[in-house]
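Engineer: Structure in C-alpha coordinates, see below.
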Amino acid sequence: RATMKSLRFISAEAFVSNAEFARKNLGGVAHNLFPLLFKASYLLEQGEVIHDLVENWPLVDFNIGKLLGTTVDYQEDLSHRTCFVCLESCLTGLRDYVLNHRSLYVNRLKVVDLTGMKDVEVQFCECKKTMGRWARTQLLSKICLELLVYLQQTQCNPGTFEISIDVLIDLFVTEWNYELVVQALLKKYYCPLKICCVAFRSDNLALHKFFCIIKLTDPSLLRKLEIVHNVRLEMEHLEILFNSIHFPLLMSLTLPAQTFNVRRFTATDERMLTNIGEKMGEMTQLTELSMSFSILTGRIQKLLSPLKTPLKMLDVSNCSLNHADMAYLANSFHANHLEALDLSGHNIPDLYPSLFFKLLSHSSSVLRILTLEDCNIRDTHVNMLILGLSPCQKLQELKFLGNPLSSQALKHLFAFLCELPMLKNVEYPVPRDCYPIGITYPIDDASLCTFDHQKYESVAEELNLILLQANRKDVKVSTPLFGSYDAAVQETNSELGAYLINSFKETLEKFTTSLNNMS
(Lines give C-alpha, C1' and ligand atoms only; values in the text may rest on other atoms or scores of the structure.)
Protein backbone atom coordinates (compact mmCIF):
# COMPACT_ATOMS: atom_id res chain seq x y z
CA ARG A 1 0.00 0.00 0.00
CA ALA A 2 1.40 3.39 -1.01
CA THR A 3 2.27 5.73 1.86
CA MET A 4 0.67 9.17 1.73
CA LYS A 5 2.96 12.10 1.02
CA SER A 6 2.28 15.69 2.04
CA LEU A 7 2.37 18.48 -0.54
CA ARG A 8 5.62 19.63 1.08
CA PHE A 9 7.20 16.22 0.47
CA ILE A 10 5.93 16.07 -3.13
CA SER A 11 7.43 19.53 -3.69
CA ALA A 12 10.72 18.38 -2.14
CA GLU A 13 10.78 15.38 -4.49
CA ALA A 14 10.20 17.64 -7.47
CA PHE A 15 13.02 19.96 -6.33
CA VAL A 16 15.64 17.19 -5.88
CA SER A 17 14.59 15.10 -8.89
CA ASN A 18 16.67 17.39 -11.11
CA ALA A 19 20.06 16.98 -9.44
CA GLU A 20 21.79 19.77 -11.37
CA PHE A 21 19.03 22.28 -10.59
CA ALA A 22 18.85 21.27 -6.90
CA ARG A 23 22.63 21.50 -6.36
CA LYS A 24 22.76 24.93 -7.96
CA ASN A 25 19.96 26.31 -5.78
CA LEU A 26 20.72 24.79 -2.37
CA GLY A 27 22.16 28.11 -1.22
CA GLY A 28 18.68 29.66 -1.28
CA VAL A 29 16.97 26.90 0.72
CA ALA A 30 15.79 27.63 4.27
CA HIS A 31 17.75 25.68 6.88
CA ASN A 32 14.67 23.96 8.32
CA LEU A 33 13.95 22.37 4.92
CA PHE A 34 17.23 20.43 4.78
CA PRO A 35 15.81 17.37 6.65
CA LEU A 36 12.83 17.25 4.27
CA LEU A 37 15.06 17.48 1.19
CA PHE A 38 17.40 14.83 2.61
CA LYS A 39 14.62 12.24 2.99
CA ALA A 40 13.23 13.05 -0.47
CA SER A 41 16.72 12.69 -1.99
CA TYR A 42 17.26 9.40 -0.17
CA LEU A 43 13.94 8.02 -1.45
CA LEU A 44 14.88 8.96 -5.02
CA GLU A 45 18.51 7.86 -4.54
CA GLN A 46 19.85 11.22 -5.66
CA GLY A 47 23.42 10.64 -4.48
CA GLU A 48 24.85 13.97 -5.69
CA VAL A 49 22.09 15.95 -3.95
CA ILE A 50 22.56 13.94 -0.72
CA HIS A 51 26.29 14.71 -0.83
CA ASP A 52 25.69 18.45 -1.23
CA LEU A 53 23.02 18.55 1.48
CA VAL A 54 25.39 16.95 4.00
CA GLU A 55 28.35 19.04 2.82
CA ASN A 56 26.33 22.20 3.52
CA TRP A 57 24.37 20.89 6.54
CA PRO A 58 23.30 23.99 8.51
CA LEU A 59 21.94 22.31 11.67
CA VAL A 60 23.59 21.26 14.93
CA ASP A 61 22.92 17.56 14.53
CA PHE A 62 22.52 15.01 11.73
CA ASN A 63 20.68 11.91 12.96
CA ILE A 64 20.18 9.55 10.03
CA GLY A 65 17.71 7.31 11.88
CA LYS A 66 15.41 10.24 12.67
CA LEU A 67 15.83 11.83 9.24
CA LEU A 68 14.83 8.62 7.45
CA GLY A 69 12.30 7.41 10.00
CA THR A 70 8.57 8.17 10.15
CA THR A 71 8.00 11.88 9.60
CA VAL A 72 4.90 14.07 9.33
CA ASP A 73 5.47 14.68 5.62
CA TYR A 74 6.17 11.06 4.66
CA GLN A 75 5.43 8.30 7.14
CA GLU A 76 7.35 5.46 5.47
CA ASP A 77 10.47 4.49 7.43
CA LEU A 78 13.47 4.42 5.06
CA SER A 79 16.07 3.53 7.72
CA HIS A 80 16.09 -0.11 6.52
CA ARG A 81 17.36 1.04 3.10
CA THR A 82 21.10 0.66 3.48
CA CYS A 83 21.57 1.88 -0.07
CA PHE A 84 25.25 2.04 -1.08
CA VAL A 85 24.85 5.12 -3.30
CA CYS A 86 23.02 7.09 -0.60
CA LEU A 87 25.22 6.11 2.35
CA GLU A 88 28.46 6.67 0.44
CA SER A 89 27.17 10.12 -0.53
CA CYS A 90 26.37 10.87 3.14
CA LEU A 91 29.85 9.97 4.31
CA THR A 92 31.74 11.72 1.49
CA GLY A 93 29.49 14.74 2.05
CA LEU A 94 30.53 14.71 5.71
CA ARG A 95 34.19 14.59 4.66
CA ASP A 96 33.68 17.56 2.35
CA TYR A 97 31.81 19.46 5.09
CA VAL A 98 35.16 19.49 6.91
CA LEU A 99 37.34 20.15 3.84
CA ASN A 100 35.18 22.89 2.32
CA HIS A 101 34.55 24.61 5.63
CA ARG A 102 32.69 27.92 5.33
CA SER A 103 32.89 30.60 8.03
CA LEU A 104 29.09 31.02 7.91
CA TYR A 105 28.64 27.62 9.57
CA VAL A 106 31.55 27.76 12.06
CA ASN A 107 31.20 24.87 14.52
CA ARG A 108 27.52 24.48 13.61
CA LEU A 109 27.41 20.69 13.14
CA LYS A 110 28.30 18.95 16.42
CA VAL A 111 26.87 15.42 16.27
CA VAL A 112 26.37 12.94 13.43
CA ASP A 113 24.45 9.82 14.46
CA LEU A 114 24.77 6.90 12.02
CA THR A 115 23.40 4.26 14.43
CA GLY A 116 19.80 4.31 13.24
CA MET A 117 20.29 2.19 10.08
CA LYS A 118 18.68 -1.28 10.06
CA ASP A 119 20.33 -4.02 7.99
CA VAL A 120 17.60 -6.21 6.48
CA GLU A 121 17.43 -9.10 4.02
CA VAL A 122 15.35 -7.50 1.23
CA GLN A 123 16.44 -4.13 -0.15
CA PHE A 124 14.11 -1.87 -2.13
CA CYS A 125 16.64 0.60 -3.45
CA GLU A 126 17.13 0.90 -7.21
CA CYS A 127 20.89 0.37 -7.15
CA LYS A 128 20.36 -3.03 -5.40
CA LYS A 129 23.74 -2.59 -3.71
CA THR A 130 23.87 -2.29 0.05
CA MET A 131 26.36 -0.81 2.49
CA GLY A 132 26.17 -2.98 5.59
CA ARG A 133 27.53 -2.33 9.05
CA TRP A 134 30.99 -3.72 8.21
CA ALA A 135 31.28 -1.55 5.07
CA ARG A 136 30.07 1.54 6.96
CA THR A 137 32.78 0.89 9.59
CA GLN A 138 35.35 0.51 6.81
CA LEU A 139 34.39 3.66 4.89
CA LEU A 140 34.15 5.95 7.94
CA SER A 141 37.57 4.76 9.17
CA LYS A 142 39.05 5.32 5.71
CA ILE A 143 37.57 8.83 5.46
CA CYS A 144 38.90 9.80 8.90
CA LEU A 145 42.43 8.71 7.98
CA GLU A 146 42.27 10.41 4.56
CA LEU A 147 41.14 13.63 6.25
CA LEU A 148 44.14 13.57 8.56
CA VAL A 149 46.55 13.01 5.68
CA TYR A 150 44.95 15.84 3.66
CA LEU A 151 45.00 18.28 6.59
CA GLN A 152 48.69 17.55 7.22
CA GLN A 153 49.70 17.99 3.58
CA THR A 154 47.54 20.97 2.63
CA GLN A 155 47.24 24.55 3.84
CA CYS A 156 43.66 24.69 5.09
CA ASN A 157 41.38 27.39 6.38
CA PRO A 158 42.34 27.88 10.09
CA GLY A 159 38.69 27.36 11.01
CA THR A 160 38.91 23.77 9.77
CA PHE A 161 40.98 22.82 12.82
CA GLU A 162 38.26 24.17 15.12
CA ILE A 163 35.73 21.69 13.73
CA SER A 164 34.95 18.85 16.13
CA ILE A 165 32.12 16.51 15.19
CA ASP A 166 31.18 13.41 17.20
CA VAL A 167 30.23 10.62 14.78
CA LEU A 168 28.16 7.98 16.57
CA ILE A 169 28.43 4.58 14.88
CA ASP A 170 27.92 0.84 15.47
CA LEU A 171 31.36 -0.58 14.66
CA PHE A 172 31.76 -4.05 13.14
CA VAL A 173 35.35 -5.29 13.17
CA THR A 174 36.86 -8.45 11.68
CA GLU A 175 40.40 -9.49 10.74
CA TRP A 176 39.98 -7.91 7.28
CA ASN A 177 39.24 -4.35 8.47
CA TYR A 178 40.99 -4.47 11.87
CA GLU A 179 44.16 -2.53 10.97
CA LEU A 180 42.25 0.30 9.30
CA VAL A 181 39.82 0.72 12.23
CA VAL A 182 42.61 0.57 14.82
CA GLN A 183 44.50 3.36 13.02
CA ALA A 184 41.35 5.51 12.85
CA LEU A 185 40.65 5.00 16.57
CA LEU A 186 44.28 5.68 17.58
CA LYS A 187 44.23 9.02 15.74
CA LYS A 188 40.65 10.09 16.43
CA TYR A 189 41.63 12.93 18.79
CA TYR A 190 43.51 14.67 15.95
CA CYS A 191 40.69 14.26 13.42
CA PRO A 192 37.76 16.72 13.09
CA LEU A 193 35.48 13.67 12.72
CA LYS A 194 35.63 11.82 16.05
CA ILE A 195 34.46 8.21 15.94
CA CYS A 196 32.22 7.48 18.95
CA CYS A 197 31.50 3.76 19.17
CA VAL A 198 28.04 3.14 20.64
CA ALA A 199 27.83 -0.57 19.71
CA PHE A 200 30.66 -2.95 18.87
CA ARG A 201 30.56 -6.32 17.10
CA SER A 202 33.56 -8.55 16.55
CA ASP A 203 33.78 -11.67 14.33
CA ASN A 204 36.77 -13.66 13.00
CA LEU A 205 39.29 -11.86 15.18
CA ALA A 206 42.28 -13.07 17.20
CA LEU A 207 41.74 -12.62 20.94
CA HIS A 208 44.69 -10.26 21.50
CA LYS A 209 43.40 -8.01 18.71
CA PHE A 210 39.93 -7.97 20.29
CA PHE A 211 41.41 -6.86 23.64
CA CYS A 212 43.45 -4.16 21.89
CA ILE A 213 40.58 -2.64 19.90
CA ILE A 214 37.94 -2.81 22.64
CA LYS A 215 40.11 -0.51 24.79
CA LEU A 216 40.41 1.96 21.90
CA THR A 217 36.63 2.23 21.44
CA ASP A 218 36.19 4.06 24.76
CA PRO A 219 34.19 1.37 26.63
CA SER A 220 32.60 4.01 28.88
CA LEU A 221 30.34 4.96 25.92
CA LEU A 222 29.56 1.41 24.80
CA ARG A 223 25.90 0.34 24.99
CA LYS A 224 26.06 -2.91 23.06
CA LEU A 225 28.87 -5.47 22.85
CA GLU A 226 28.65 -8.49 20.54
CA ILE A 227 31.48 -11.02 20.47
CA VAL A 228 30.09 -13.58 18.05
CA HIS A 229 31.79 -15.91 15.55
CA ASN A 230 35.37 -17.18 15.74
CA VAL A 231 36.58 -15.06 18.64
CA ARG A 232 37.97 -17.64 21.05
CA LEU A 233 36.82 -15.96 24.23
CA GLU A 234 36.59 -18.40 27.13
CA MET A 235 35.58 -17.83 30.73
CA GLU A 236 39.04 -16.85 31.98
CA HIS A 237 39.33 -14.25 29.19
CA LEU A 238 35.88 -12.88 30.04
CA GLU A 239 36.93 -12.47 33.67
CA ILE A 240 40.06 -10.56 32.57
CA LEU A 241 37.90 -8.37 30.30
CA PHE A 242 35.45 -7.50 33.09
CA ASN A 243 38.22 -6.99 35.68
CA SER A 244 40.26 -4.66 33.46
CA ILE A 245 37.55 -2.69 31.64
CA HIS A 246 34.38 -1.04 32.97
CA PHE A 247 31.22 -0.81 30.87
CA PRO A 248 28.98 1.60 32.82
CA LEU A 249 26.44 2.14 30.01
CA LEU A 250 26.36 -1.42 28.61
CA MET A 251 22.78 -2.51 27.92
CA SER A 252 23.32 -5.54 25.68
CA LEU A 253 25.94 -8.32 25.82
CA THR A 254 26.40 -11.23 23.39
CA LEU A 255 29.04 -13.85 24.16
CA PRO A 256 30.46 -16.38 21.68
CA ALA A 257 29.68 -20.10 21.69
CA GLN A 258 31.46 -22.16 24.35
CA THR A 259 32.40 -19.21 26.55
CA PHE A 260 31.29 -21.38 29.47
CA ASN A 261 31.58 -25.15 29.88
CA VAL A 262 30.61 -26.30 33.38
CA ARG A 263 31.37 -29.96 32.55
CA ARG A 264 35.06 -29.36 33.10
CA PHE A 265 34.71 -26.93 36.02
CA THR A 266 37.22 -26.81 38.88
CA ALA A 267 36.99 -24.88 42.16
CA THR A 268 38.90 -22.05 40.45
CA ASP A 269 36.32 -21.99 37.63
CA GLU A 270 33.48 -21.73 40.17
CA ARG A 271 35.20 -18.72 41.74
CA MET A 272 35.69 -17.22 38.27
CA LEU A 273 32.00 -17.67 37.41
CA THR A 274 30.97 -16.00 40.68
CA ASN A 275 33.26 -13.05 39.90
CA ILE A 276 31.83 -12.72 36.37
CA GLY A 277 28.29 -12.70 37.79
CA GLU A 278 29.26 -9.98 40.27
CA LYS A 279 30.89 -7.89 37.52
CA MET A 280 27.73 -8.17 35.40
CA GLY A 281 25.79 -7.07 38.48
CA GLU A 282 27.80 -3.82 38.44
CA MET A 283 26.51 -3.15 34.90
CA THR A 284 23.35 -1.45 36.10
CA GLN A 285 22.07 -0.77 32.56
CA LEU A 286 22.38 -4.39 31.35
CA THR A 287 18.99 -5.67 30.11
CA GLU A 288 19.94 -7.95 27.17
CA LEU A 289 22.08 -11.07 27.49
CA SER A 290 22.91 -13.76 24.93
CA MET A 291 24.99 -16.81 25.94
CA SER A 292 23.97 -19.40 23.33
CA PHE A 293 25.87 -22.69 22.85
CA SER A 294 27.61 -22.52 26.23
CA ILE A 295 27.18 -25.36 28.74
CA LEU A 296 25.63 -23.71 31.79
CA THR A 297 23.94 -26.66 33.52
CA GLY A 298 23.01 -25.70 37.09
CA ARG A 299 24.79 -22.31 36.98
CA ILE A 300 22.15 -19.87 35.65
CA GLN A 301 21.31 -18.59 39.13
CA LYS A 302 24.97 -17.96 39.95
CA LEU A 303 25.34 -15.85 36.78
CA LEU A 304 22.04 -13.97 36.80
CA SER A 305 21.14 -13.46 40.48
CA PRO A 306 23.69 -10.63 41.00
CA LEU A 307 22.01 -8.55 38.26
CA LYS A 308 20.26 -5.53 39.77
CA THR A 309 18.27 -4.66 36.64
CA PRO A 310 15.74 -7.16 35.24
CA LEU A 311 16.61 -8.62 31.85
CA LYS A 312 14.34 -7.79 28.91
CA MET A 313 16.09 -10.15 26.49
CA LEU A 314 17.61 -13.53 27.33
CA ASP A 315 19.12 -16.04 24.88
CA VAL A 316 20.18 -19.29 26.53
CA SER A 317 19.68 -21.48 23.46
CA ASN A 318 21.58 -24.80 23.49
CA CYS A 319 22.95 -24.15 26.99
CA SER A 320 22.00 -27.56 28.49
CA LEU A 321 19.79 -26.03 31.20
CA ASN A 322 18.50 -28.39 33.87
CA HIS A 323 15.43 -28.37 36.14
CA ALA A 324 17.12 -26.06 38.69
CA ASP A 325 18.01 -23.52 35.97
CA MET A 326 14.45 -23.41 34.65
CA ALA A 327 13.05 -23.18 38.20
CA TYR A 328 15.28 -20.16 38.84
CA LEU A 329 14.24 -18.46 35.59
CA ALA A 330 10.53 -19.08 36.20
CA ASN A 331 10.68 -17.65 39.73
CA SER A 332 13.24 -14.87 39.22
CA PHE A 333 12.42 -11.16 38.99
CA HIS A 334 13.58 -11.32 35.35
CA ALA A 335 10.55 -13.44 34.36
CA ASN A 336 8.05 -10.54 34.57
CA HIS A 337 10.17 -8.34 32.30
CA LEU A 338 11.28 -10.67 29.49
CA GLU A 339 10.31 -9.22 26.10
CA ALA A 340 12.48 -11.65 24.09
CA LEU A 341 13.29 -15.22 25.11
CA ASP A 342 15.23 -17.97 23.31
CA LEU A 343 15.15 -21.47 24.83
CA SER A 344 16.04 -23.36 21.64
CA GLY A 345 17.80 -26.69 21.89
CA HIS A 346 16.14 -27.79 25.15
CA ASN A 347 13.74 -30.74 25.42
CA ILE A 348 11.10 -28.61 27.13
CA PRO A 349 8.10 -31.04 27.01
CA ASP A 350 10.02 -33.90 28.65
CA LEU A 351 12.31 -32.04 31.08
CA TYR A 352 10.36 -29.13 32.62
CA PRO A 353 6.97 -28.45 30.95
CA SER A 354 5.27 -26.94 34.03
CA LEU A 355 8.22 -24.62 34.79
CA PHE A 356 8.31 -23.45 31.16
CA PHE A 357 4.61 -22.58 31.26
CA LYS A 358 5.11 -20.80 34.58
CA LEU A 359 7.89 -18.72 32.97
CA LEU A 360 5.66 -18.02 29.97
CA SER A 361 2.80 -17.00 32.27
CA HIS A 362 5.00 -14.52 34.17
CA SER A 363 6.37 -12.92 31.00
CA SER A 364 3.09 -13.03 29.02
CA SER A 365 2.16 -9.36 29.56
CA VAL A 366 5.38 -8.10 27.91
CA LEU A 367 6.70 -10.99 25.75
CA ARG A 368 7.25 -9.92 22.10
CA ILE A 369 9.67 -12.53 20.70
CA LEU A 370 9.74 -16.25 21.54
CA THR A 371 12.15 -18.74 19.97
CA LEU A 372 11.69 -22.48 20.58
CA GLU A 373 13.72 -24.19 17.86
CA ASP A 374 14.68 -27.88 18.23
CA CYS A 375 12.70 -28.23 21.48
CA ASN A 376 11.11 -31.63 20.69
CA ILE A 377 7.61 -30.08 20.56
CA ARG A 378 5.38 -32.82 19.10
CA ASP A 379 1.73 -33.03 18.02
CA THR A 380 0.65 -34.10 21.53
CA HIS A 381 2.05 -30.85 22.96
CA VAL A 382 0.27 -28.39 20.63
CA ASN A 383 -2.81 -27.90 22.81
CA MET A 384 -0.62 -27.18 25.83
CA LEU A 385 1.46 -24.76 23.76
CA ILE A 386 -1.69 -22.94 22.66
CA LEU A 387 -2.79 -22.70 26.29
CA GLY A 388 0.60 -21.26 27.27
CA LEU A 389 0.67 -18.74 24.40
CA SER A 390 -2.93 -17.52 24.83
CA PRO A 391 -2.09 -14.81 27.42
CA CYS A 392 0.86 -13.57 25.27
CA GLN A 393 -1.21 -10.92 23.52
CA LYS A 394 1.82 -8.75 22.70
CA LEU A 395 3.70 -11.53 20.91
CA GLN A 396 5.09 -10.27 17.58
CA GLU A 397 7.47 -13.06 16.59
CA LEU A 398 7.35 -16.84 17.08
CA LYS A 399 10.09 -19.15 15.80
CA PHE A 400 9.80 -22.91 16.25
CA LEU A 401 11.89 -24.49 13.48
CA GLY A 402 13.19 -28.03 13.93
CA ASN A 403 10.26 -29.43 15.92
CA PRO A 404 8.65 -32.77 14.84
CA LEU A 405 5.17 -31.40 14.08
CA SER A 406 2.80 -32.85 11.48
CA SER A 407 0.99 -30.72 8.89
CA GLN A 408 -2.26 -31.31 10.80
CA ALA A 409 -0.74 -30.00 14.03
CA LEU A 410 0.63 -26.95 12.23
CA LYS A 411 -2.83 -26.13 10.82
CA HIS A 412 -4.29 -26.38 14.33
CA LEU A 413 -1.56 -24.10 15.70
CA PHE A 414 -1.94 -21.57 12.86
CA ALA A 415 -5.69 -21.31 13.50
CA PHE A 416 -4.80 -20.18 17.02
CA LEU A 417 -1.95 -17.87 15.96
CA CYS A 418 -4.45 -15.83 13.93
CA GLU A 419 -5.92 -14.71 17.26
CA LEU A 420 -2.71 -13.07 18.50
CA PRO A 421 -3.33 -9.41 17.54
CA MET A 422 0.29 -8.18 17.43
CA LEU A 423 1.82 -11.19 15.64
CA LYS A 424 3.90 -10.22 12.61
CA ASN A 425 6.40 -13.01 11.93
CA VAL A 426 6.30 -16.82 12.23
CA GLU A 427 9.08 -19.29 11.35
CA TYR A 428 7.71 -22.83 11.29
CA PRO A 429 9.29 -26.23 10.53
CA VAL A 430 8.88 -28.41 7.46
CA PRO A 431 6.05 -30.80 8.57
CA ARG A 432 7.26 -34.16 9.84
CA ASP A 433 5.06 -36.00 7.32
CA CYS A 434 6.95 -34.31 4.45
CA TYR A 435 10.12 -36.19 5.45
CA PRO A 436 10.81 -39.89 4.82
CA ILE A 437 9.41 -42.26 7.46
CA GLY A 438 11.91 -42.86 10.24
CA ILE A 439 13.58 -39.43 10.14
CA THR A 440 15.12 -38.61 13.53
CA TYR A 441 15.14 -35.25 15.31
CA PRO A 442 17.06 -33.00 15.53
CA ILE A 443 17.56 -33.42 11.78
CA ASP A 444 21.20 -33.19 10.66
CA ASP A 445 22.19 -30.68 7.97
CA ALA A 446 22.68 -33.41 5.36
CA SER A 447 19.04 -34.56 5.71
CA LEU A 448 17.38 -31.13 6.06
CA CYS A 449 16.54 -30.88 2.35
CA THR A 450 15.41 -34.50 1.85
CA PHE A 451 11.69 -33.71 2.27
CA ASP A 452 8.88 -33.93 -0.30
CA HIS A 453 8.99 -30.37 -1.70
CA GLN A 454 5.69 -30.67 -3.54
CA LYS A 455 3.86 -31.79 -0.41
CA TYR A 456 5.50 -29.02 1.61
CA GLU A 457 4.34 -26.37 -0.91
CA SER A 458 0.80 -27.76 -0.66
CA VAL A 459 0.85 -27.52 3.16
CA ALA A 460 2.38 -24.01 3.00
CA GLU A 461 -0.51 -22.91 0.77
CA GLU A 462 -3.04 -24.29 3.28
CA LEU A 463 -1.33 -22.49 6.16
CA ASN A 464 -1.34 -19.22 4.20
CA LEU A 465 -5.02 -19.76 3.43
CA ILE A 466 -5.77 -20.05 7.16
CA LEU A 467 -4.15 -16.64 7.68
CA LEU A 468 -5.92 -15.18 4.65
CA GLN A 469 -9.35 -16.36 5.80
CA ALA A 470 -8.72 -14.84 9.22
CA ASN A 471 -7.79 -11.54 7.52
CA ARG A 472 -4.17 -11.81 8.78
CA LYS A 473 -2.23 -10.97 5.62
CA ASP A 474 -0.02 -8.87 7.90
CA VAL A 475 1.62 -12.03 9.30
CA LYS A 476 4.78 -13.08 7.45
CA VAL A 477 5.44 -16.83 7.56
CA SER A 478 8.53 -18.72 6.38
CA THR A 479 10.65 -21.86 6.79
CA PRO A 480 14.31 -20.79 6.64
CA LEU A 481 15.89 -24.26 6.63
CA PHE A 482 19.30 -23.12 7.81
CA GLY A 483 18.12 -20.52 10.32
CA SER A 484 17.09 -16.89 10.30
CA TYR A 485 18.78 -14.23 8.19
CA ASP A 486 21.84 -12.66 9.84
CA ALA A 487 22.89 -9.43 8.09
CA ALA A 488 26.36 -9.46 9.67
CA VAL A 489 27.11 -13.04 8.59
CA GLN A 490 25.72 -12.34 5.11
CA GLU A 491 27.97 -9.29 4.69
CA THR A 492 31.15 -11.05 5.83
CA ASN A 493 30.47 -14.56 4.49
CA SER A 494 33.56 -14.46 2.22
CA GLU A 495 35.81 -13.81 5.19
CA LEU A 496 33.96 -16.36 7.32
CA GLY A 497 34.38 -18.98 4.58
CA ALA A 498 38.09 -18.21 4.26
CA TYR A 499 38.47 -18.46 8.04
CA LEU A 500 36.76 -21.89 8.15
CA ILE A 501 38.88 -23.25 5.26
CA ASN A 502 42.03 -22.00 6.98
CA SER A 503 40.97 -23.58 10.30
CA PHE A 504 40.26 -26.87 8.55
CA LYS A 505 43.66 -26.72 6.83
CA GLU A 506 45.43 -26.05 10.16
CA THR A 507 43.59 -28.98 11.80
CA LEU A 508 44.62 -31.31 8.95
CA GLU A 509 48.24 -30.16 9.23
CA LYS A 510 48.26 -30.81 12.99
CA PHE A 511 46.69 -34.23 12.44
CA THR A 512 49.27 -35.11 9.77
CA THR A 513 52.11 -33.96 12.03
CA SER A 514 50.75 -36.11 14.87
CA LEU A 515 50.55 -39.16 12.58
CA ASN A 516 54.11 -38.59 11.36
CA ASN A 517 55.36 -38.29 14.94
CA MET A 518 53.62 -41.53 15.89
CA SER A 519 55.16 -43.38 12.93
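The values are calculated or read from the model by the stated rules, or taken from the named source; none is laboratory data. Because the structure is predicted, anything quoted here is derived from the model rather than measured. All Cβ positions, even for glycine, are placed from backbone atoms using ideal geometry, and neighbour counts span all protein chains on display. Surface areas here come from the heavy atoms of the whole protein model, side chains and all, with no ligands, DNA or RNA. Shrake-Rupley method; radii C 1.70, N 1.55, O 1.52, S 1.80 Å.
Engineer: When the chain is fully extended, how far beyond the present Cα-Cα distance does Glu270 get from Glu457, taking 0.36 nm per residue of separation?
Structural biologist: 62.3 nm
Engineer: Below 14 angstrom from the Cβ of Leu496, what's the summed charge of the other residues (Lys, Arg +1; Asp, Glu -1)? Write out the running numbers ahead of the final one.
Structural biologist: Values: positive: Arg201; negative: Glu175, Asp203, Asp486, Glu491, Glu495.
Once positives and negatives cancel, what remains is -4.
Engineer: Additional query: Within the accessible area of the chain, what % is carbon and sulfur when the probe is 1.4 Å and the other protein chains stay in place?
Structural biologist: 55 percent
Engineer: Follow-up. Could you tell me the distance between the Cα centroids of segment 275-342 and segment 413-437, to the nearest Å?
Structural biologist: What the calculation gives is 28 Å, centre to centre.
Engineer: Also: As I understand it, the value is the acute angle between the Cα axis of helix 235-244 and the longest principal axis of the Cα atoms of the chain; what does it come to in degrees, rounded to 10?
Structural biologist: It works out to around 40 degrees.
Engineer: Let me ask something else. Using the alpha carbon gyration tensor of the chain, what are the three equivalent-ellipsoid semi-axes (square root of 5 times each eigenvalue), largest first, in whole Å?
Structural biologist: Square roots of five times the eigenvalues give 43, 32, 23 Å.
Engineer: Using a probe radius of 1.4 Å on heavy atoms only, what accessible surface per residue do you get for segment 1-157? Whole Å² is fine.
Structural biologist: Heavy-atom accessible area per residue stands at 49 Å².
Engineer: Still on this structure, I have one more. Using just the helices of the chain, give the 222 nm mean residue ellipticity in deg cm²/dmol: DSSP H runs with n ≥ 4 each add -39,500 (n - 2.57), and the total is spread over all residues, rounded to 500.
Structural biologist: Working: 20 runs with 219 residues, N = 519.
The helix contribution divided over the chain gives -13000 deg cm²/dmol.
Engineer: Work out, step by step, the length gained on full extension between Asn25 and Asp444: first 0.36 nm times the residue separation, then minus their alpha carbon distance; give nm to one decimal.
Structural biologist: Taking 0.36 nm per residue and subtracting the Cα distance, the gain is 144.7 nm.
Engineer: So which trypsin sites (Lys or Arg not before Pro) in segment 421-483 are both in a DSSP loop and have at most 11 other Cβ atoms within 10 Å of their Cβ?
Structural biologist: Details: sites: Lys424, Arg432, Lys455, Arg472, Lys473, Lys476; in loops: Lys424, Arg472, Lys473.
Hits after loop and neighbour filter: Lys473.
Engineer: How about segment 461-519: which GluC sites (Glu not before Pro) there lie in a loop by DSSP and see at most 15 other Cβ atoms within 10 Å?
Structural biologist: none
Engineer: Quick one: length gained pulling Lys424 to Glu282 fully straight, 0.36 nm per residue minus the C-alpha distance? Spell out each step's value before the answer.
Structural biologist: On the way: separation 142, 0.36 × 142 = 51.12 nm, distance 3.58 nm.
Roughly 47.5 nm would be gained on extension.
Engineer: Let me ask something else about it. Based on the Cβ-Cβ distance from Asn261 to Gln153, what FRET efficiency comes out when R0 is 45 Å, to the nearest 0.05? Could the numbers behind the result be given before it?
Structural biologist: Numbers: r = 53 Å, r/R0 = 1.18.
Using R0 = 45 Å, I get an efficiency of 0.25.
Engineer: If you don't mind, there's one more thing I want to ask. Can you tell me the 0 to 90 degree angle between the C-alpha axis of helix 353-363 and the longest principal axis of the chain, rounded to 10?
Structural biologist: 30 degrees
Engineer: Summing Lys, Arg as +1 and Asp, Glu as -1, what charge do residues with Cβ under 14 Å from the Cβ of Gln301 carry, Gln301 excluded?
Structural biologist: Summing Lys/Arg as +1 and Asp/Glu as -1 gives -1.
Engineer: Say each of Ser220 and Leu351 gets a label point 7 Å from the Cα, pointing the same way as Cα to Cβ; how far apart are those two points in nm?
Structural biologist: 4.2 nm
Engineer: If you don't mind, there's one more thing I want to ask. Test of the criteria: in segment 1-109, which trypsin sites (Lys or Arg not before Pro) are in a DSSP loop and have at most 10 other Cβ atoms within 10 angstrom of their Cβ?
Structural biologist: The qualifying sites are Arg1.
Engineer: Could you let me know the centre-to-centre spacing of segment 177-254 and segment 7-48, using Cα atoms, in angstrom?
Structural biologist: Result: 38 Å between the Cα centres.
Engineer: Take the Cβ-Cβ distance between Ala206 and Phe511 as r, set R0 to 22 Å, and report the resulting FRET efficiency rounded to the nearest 0.05. Mind showing how you got there, number by number?
Structural biologist: Details: r = 22 Å, r/R0 = 1.01.
The value I calculate is 0.50.
Engineer: Among rounded, prolate and oblate, which fits segment 230-289 when a ≥ b ≥ c are the square roots of the eigenvalues of its C-alpha gyration tensor, a/c under 1.5 means rounded, and a/b larger than b/c means prolate?
Structural biologist: Working: a/c = 1.93, a/b = 1.46, b/c = 1.33.
Because a/c hits 1.5 or more and a/b exceeds b/c, segment 230-289 counts as prolate.
Engineer: Compute the Cα gyration tensor for segment 76-172, then decide on rounded, prolate or oblate, letting a ≥ b ≥ c be the square roots of its eigenvalues: rounded whenever a/c is under 1.5, prolate when a/b is larger than b/c in the other cases, and oblate in all that remain.
Structural biologist: Since a/c reaches 1.5 and a/b is larger than b/c, the shape of segment 76-172 is classed as prolate.
Engineer: Excluding the sites themselves, what is the longest stretch of the chain that contains no chymotrypsin sites (Phe, Trp or Tyr not before Pro) in a DSSP loop with at most 15 other C-beta atoms within 10 Å?
Structural biologist: Looking at the chain, 125-332 is the longest stretch - no exposed chymotrypsin sites (Phe, Trp or Tyr not before Pro) with at most 15 other Cβ atoms within 10 Å.
Engineer: Can you classify segment 1-142 as rounded, prolate or oblate using the Cα gyration tensor, where a ≥ b ≥ c are the square roots of its eigenvalues, rounded means a/c under 1.5, and otherwise it's prolate if a/b beats b/c and oblate if not?
Structural biologist: oblate
Engineer: Can you figure out the FRET efficiency of Leu481 with Asp77, using R₀ = 45 Å and their beta-carbon distance, to the nearest 0.05?
Structural biologist: Working from the Cβ atoms, E equals 0.95.
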